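The values are calculated or read from the model by the stated rules, or taken from the named source; none is laboratory data. Given the structure is predicted, the values throughout are model-derived calculations rather than measurements. Because the Cβ atoms are built from the backbone with ideal geometry, glycine has one as well, and the counts that use them run over all protein chains shown. For the accessible areas, the whole protein counts, side chains as well, though only heavy atoms, and no ligand, DNA or RNA atoms are used. Shrake-Rupley method; radii C 1.70, N 1.55, O 1.52, S 1.80 Å.
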Amino acid sequence: MKITRQKHAKKHLGFFRNNFGVREPYQILLDGTFCQAALRGRIQLREQLPRYLMGETQLCTTRCVLKELETLGKDLYGAKLIAQKCQVRNCPHFKNAVSGSECLLSMVEEGNPHHYFVATQDQNLSMKVKKKPGVPLMFIIQNTMVLDKPSPKTIAFVKAVESGQLVSVHEKESIKHLKEEQGLVKNPEQRRRKKRKKISGPNPLSCLKKKKKAPDTQSSASEKKRKRKRIRNRSNSKVLSKKQNAEGE
């Protein structure tokens, strides 16, 4: 029985890997109902999940799930301890927490880009997850973990992609990556790495104080000599004029 379960799990994983890019480490989003069922069935999630999925796994949850388990009280204390040991993924409900099922559903919106698995015993949540293509669903039945087969919505989506009617999120990412490698689309990280012009400081030479010009001693001396000559010439002309006046008389 165990071998057949693993065969089915391997087949389903191959489907999600080839069509949606699901890869290791598999990120399993747990809610309170799944943690409670694992506690009752004495399932060691950290040990048994990697063996069942035949690969590395990461047990994850959200703040909303932890908040919900805290409000439910002592009856789910054991499930809360299991959830607290999981990695907490950031959800969009920072200010106002929502129910665990609503939170997990929001984590797989827009084509499930982070390739989350949803692990729950909530039938209502399971039905909503099956309506979203590309989301692997897990649950516990008869104290054993089961990876559900791809939903009809997921299979229809894959057929539409194969016929060329739709483009999967995985294909969009690969096309974008190829365009960036060929230089057709600029990588946003490269834009950020563009060198900014450094603000250059003032020229250090311009900051130097201007030197005062030394007075030209030679020019000043020549000017003085010219002034003296002019004074002498004026005095001599006056003397000559007086002599000429005296002789005329």
Just to be sure I understand, how many residues within the stretch 31-61 are among the small types (Gly, Ala, Ser) and closer than 19 Å to His115 by Cβ? 1
What's the total number of residues in the stretch 38-53 that are open to solvent by 50 Å² or more (accessible area, probe 1.4 Å), among the hydrophobic types (A, V, I, L, M, F, W, C) and under 31 Å from the mean Cα position of the chain (by Cα)? 0
So in the stretch 82-129, with the set limited to residues that are of a type in the set (Ser, Thr, Tyr) and under 26 Å from the mean Cα position of the chain (by Cα), which one is most open to solvent (accessible area, probe 1.4 Å)? Ser106
Residue check: is Thr71 among the hydroxyl-bearing types (Ser, Thr, Tyr), closer than 21 Å to Lys130 by Cα and open to solvent by 20 Å² or more (accessible area, probe 1.4 Å)? no
